[in-house]
1. Among A:Thr187, B:Ala311, A:His446, whose Cα lies farthest out toward the positive end of the dipole of the protein assembly as shown, if unit charges sit on the beta carbon of Lys, Arg (+1) and Asp, Glu (-1)?
2. Can you check what the net charge comes to around A:Ala135, using other residues whose Cβ is under 13 Å from the Cβ of A:Ala135 (Lys, Arg +1; Asp, Glu -1)?
3. Could you give each residue of segment B:329-339 its phi-based ³J(HN,Hα) in whole Hz, using Karplus coefficients 6.51, -1.76, 1.60 with θ = phi - 60°, and x for Gly or Pro?
4. Two decimals, Cα atoms only, Kirkwood Rh: what is Rg/Rh over segment A:281-440?
5. Can you find, among A:Leu27, A:Gln5, A:Val100, the residue sitting farthest towards the positive end of the charge dipole of segment A:1-113, where Lys and Arg contribute +1 and Asp and Glu -1 at Cβ?
6. Just checking the output field for A:61-67: average partner chain Cβ neighbours within 10 Å of each residue's Cβ?
7. What net charge is computed for the residues neighbouring A:Thr173, neighbours being all others with C-beta under 13 Å from the C-beta of A:Thr173, Lys and Arg scored +1, Asp and Glu -1?
8. Which whole number gives the average count of other chain Cβ atoms within 10 Å of the Cβ atoms across peptide A:383-392?
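Every number here is computed from the coordinates shown, using simple stated rules; none is lab data. As the structure is a prediction and not an experimental result, all values here were calculated from the model. No Cβ is skipped: glycine too gets one built from the backbone with ideal geometry, and neighbour counts run over all protein chains shown.
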Amino acid sequence: MSREQKAVDRARKAFSTGRSKPLEYRLQQLKSLRRLFVERQKDIADAMMKDLRKSEFSTPLYETMGLEGEIDLAVSHLKEWAAPRPVAKNLMTISDQVYVQPEPLGVVLIIGAWNYPWAVTIQPLIGAMAAGNAAVVKPSEVSAHTAKVMEELLPLYVDKELYPVVTGGVAETQELLKQRFDHIFYTGNSVVGKVVMEAASRHLTPVTLELGGKSPCYIDKNCNISIACRRIAWGKFTNCGQTCIAPDYILCDPSIQDLVVEEIRQNVKEFYTENPKTCPDYGRIVNQRHYRRVMSMLDGCTVAVGGDGDESDCYIAPTVLCDVKPDAKVMQEEIFGPLLPILTVGSVDKAIDFINQREKPLALYIYSHDSKLIKRFISETSSGGVVANDCLVQFSVSALPFGGVGNSGMGAYHGKHTFDQLSHLRGCLIKQLKMEGVNKLRYPPHTAKKLGWARFLILKQVDLGQMKRLAMLAIFAVIAAAVYQRT
Amino acid sequence: MHHSNVVARARKAFLTGRSKALSYRLSQLKGLRRLITEKQRDIADALRKDLHKSENATQLYEMIGLEGEIDLAVSHLSEWAAPRPVEQSLLTVADEVYIQPEPLGVVLIIGAWNYPWAVTVQPLIGAIAAGNAAVIKPSEVSSHTSKVMEELLPLYLDKELFPVVTGGVVQTQELLKQRFDHIFYTGNSTVGKVVMEAAARHLTPVTLELGGKSPCYIDKDCDLSVACRRITWGKYVNCGQTCIAPDYILCEPSIQDKVVKEIRKCIKEFYTDDPKTCPDYSRIVSLRHFRRIVALMEGSSVAIGGETDEAQCYIAPTVLTEVTSESKVMQEEIFGPLLPIIPISGTDEAIEFINKREKPLALYVFSSSDKMIKRMIADTSSGALLANDCLVHYTLSDLPFGGVGSSGMGHYHGRYTFDQLSHLRSCLIKKLRMERVNQVRYPPHTAQKLRWARLFLLKRVDVGQWRRAAQAVALVTLAAYVVQVRRPERFTSILYCTSYTFGFNV
């Protein structure tokens, strides 16, 4: 039996004991996980510095604080999320118990990514735990130091049989994908996404695929370009552009291109000093392979800001490209790096067309004061999510489902959505062995008369909730009238 | 027309945007409803040829449900399609935050043959309601119905947006090579895997409504007469060819004889002494399935029925005893009128038996003990659980209908179909103001900025609850003032009433 098989087997056995089901156990595991982030900040930050040159403050700001928040949310709402969810009753079910019962699925496989390794690997784990599952955690080998830290630390804080960490590369992942899981949660690119889904199909395992794409960023020429560019510069160059929801490229009117370039240049200077290479807050490309991939995209483009790189350091300066053409190399794949191309478009129509000709992105950004324009973009395009007048922040709104559509993914998570995604929502109808008379209508012999009655009962979906509200209102009116009459 | 052309045409029609307007969706849904009311005859005739269904059975088990679903969609469409506000937090208190349901694009619906209208058109209702285009591939096994669908749907619906593609395995495989935005498949697990694999090539999400062996546990201390009546009905409807039919019974040996007796009584009552001549008793859909089911009887004892007639694809309502987990009839979903009874020593053994097997689409429990029922729910898993009846959870539009594990993924019915075939897009509309607040997130990152960010991100203030509390206080104060001026002694009673209404326990 391979190492991967053993880990999955053990997780399944542990799940079958039933110990991950009681709410107290789930809460205890979640609280323990939270302690990991409070107590091990240093180990986590050190590894992130080695993997991605993330500064001491970047790590909590962009990764672990969000996780603490998600754990707190899960802990405070677990009882509510896991409780039976009542369902509207109708005339037929008036004396029955009807509800949806959330249940664990079993053993979940979580395949993490390297860009925000803690965030995208642990956030699904939080939901998996909250939902009562076991979970095999496979961190990305590309962020090697972090993978090692996860492998060492997780077993010290959470149940090592229920939540084993399996490290490794492509071969180990393929071995894992041969096993049977009850759900696979993958964060990464579309190419591997297809491989994951295909492997999942062999066992009829449902999947959540958090993929990527080229997230467009439209800037209306009549908006406050200064603030817009500040937010865009921050969204783009955080983590050196290695963010699944980074604004990939800008679309704007030619008349504002120069201003946009200037504003971004200024903000880059403000955020990362004159020499970003020496700035502790500016990251690095994760490895040489990606460095070369990103640098090659400069081919054929006009560099307006930055453009310099240093392969030995995997350093690429915050770069803006202007007058970029749709067939440029930089427009053929998700950049996932600190190159910000600007493509000029003459009208909103052309911008919308441009977006629609391409695969549905994970995020769409629109900068405008004009609410009508924003609504127009929303209704005429599609994307995982939309943010107007800012970047990235949708990630921290737990109430919003975070996920893609089309090539950018399937399924969604964050907050309660993770819990629901990794649960089975089981329909429950509890009737009584009484009132058998009513059922005569459905038993053979089927007659036209019986059919008439059945039609009446099934089609008259009497909204009981509404009746209840009307009744309460009537009572109120009567009380009010009585009180008034006495005075 | 070649399949790639049909799909291309549907996509082109979708891109014109015409399926998006609510008025258009409503007109299509109403067109579909008219089809059902006006063409009852054609529909019933085809089903009689395909499955020996009586006209009333067709109505009862297929068409009324569809009419109900269309009516539900029509009356609720504007609510379902509207932006869904999301609870606000301190971070987003000045923003518009909501989820916008959107069409996915072109949906492929692959139907099944057992309730061809129900399982093919119900997903279509949701697809239309959600603003999609849909390619409909009815099952070729129910060939007369498939033909009727091919003829009638274009008369009532937009034939470019909602084309019907008929054919068998080869045609289905051709379709599966095309790119869709969602594939909705009803059928068995083997083909389910093929569908999901094909979908993976285009990263197309899927809904798979599959099957399995739905266990039916009868507690010895319940009203066996009523229980067996409901089970008999659930089993032999459509000759057992129902994805949520009770596949097999688990009960203690002490009640087995009574169970057999009761079922025998009910069969006679429903289908007369000679079910073969009864218009309400159906047939097996094809020779292939007939032979498959007959072979399943091997090795078990026939307690009731057992008669067959290959020429008519007739199998009598049958009950089998002396069945073990190794028996042939326990190796696959029966999907026919054979009802095996397996003896178990009690609830523990029943639960163990169920859990050793794949998660079924439905789990039935017959018991007067609520505690026992709750235990079954807690210790097993299944698509759905129904206590003290069979099949009827299907008719509740507010319950999600779908499987788990081998019995499927995704779910539908009512609003769930709409949501399943929509993209629920997160929308966050901020303003280009209050830029000072954002200072905490911009580099250079400092310990102090981090502390402020921590405060913003981690302090979960439930804005909604504060607002409601403030409203309640305002109302109570107003009421108190009004009453106190007029009648001080009424003050207390008003306070109680108002507080109780707003859910505070005073």
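1. A:His446
2. +2
3. 5, 9, 8, 8, 5, 5, 6, x, x, 10, 10
4. 1.18
5. In segment A:1-113, that residue is A:Gln5.
6. What the average comes to for A:61-67 is 3.
7. After counting each charged neighbour, the total is -1.
8. 5
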